[in-house]
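Asks: The structure's right below; bear with me while I get my questions together.
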Amino acid sequence: MAYVSKYSEMEPQHPAPGMQRRIVHTDRLMLVNIEFTDGPTQKPDPFHSHPHEQVAYVVEGEIILFVADEPGVKLSAGDHYAIPSDVPHTIQRLTKVVRIIDCFTPLREDFL
């Protein structure tokens, strides 16, 4: 197992246009560095949910976070959020570039 992953040496995944992610994980914990370059967006992405617990840190840019039926909350660099299992959520990007660090448990097998 590699203990160190250098960002500049990691091969990014491109799951959608304007989006790339780099992933590091152990057997039970996953960190995802995700960068969006398609903002600002005119509307939120579609809501989604997953069985994984998620905590996130906004590294760069500004977003509106929507969780379940609650009003959206504007977040910017330095802010955090936590999403329990199976709770619908999404974001809307307010700036050209948004970078978020997501942590998931258990692993998002769909990302591997």
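The values are calculated or read from the model by the stated rules, or taken from the named source; none is laboratory data. No experiment lies behind these values; they were computed from the predicted model shown. Heads up, the Cβs are rebuilt from the backbone with ideal geometry, glycines too, and the neighbour counts pull from every protein chain shown. Please note that ligands, DNA and RNA were not included when accessible areas were found on the heavy atoms of the full protein model with its side chains. Shrake-Rupley method; radii C 1.70, N 1.55, O 1.52, S 1.80 Å.
Asks: Of all residues being in a loop (DSSP other than H, G, I, E, B) and among the acidic types (Asp, Glu) in the stretch 19-44, which is least open to solvent (accessible area, probe 1.4 Å)? Just the residue, please.
Replies: If we take residues in the stretch 19-44 being in a loop (DSSP other than H, G, I, E, B) and among the acidic types (Asp, Glu), then ASP38 is least open to solvent (accessible area, probe 1.4 Å).
Asks: Confirm whether SER5 is without any contact (Cβ under 8 Å) to a residue 40 or more places away in the chain, open to solvent by 30 Å² or more (accessible area, probe 1.4 Å) and among the small types (Gly, Ala, Ser).
Replies: Here the answer is yes, as SER5 does meet what is asked.
Asks: Can you tell me how many residues in the stretch 86-96 are of a type in the set (A, V, I, L, M, F, W, C) and open to solvent by less than 40 Å² (accessible area, probe 1.4 Å)?
Replies: 2
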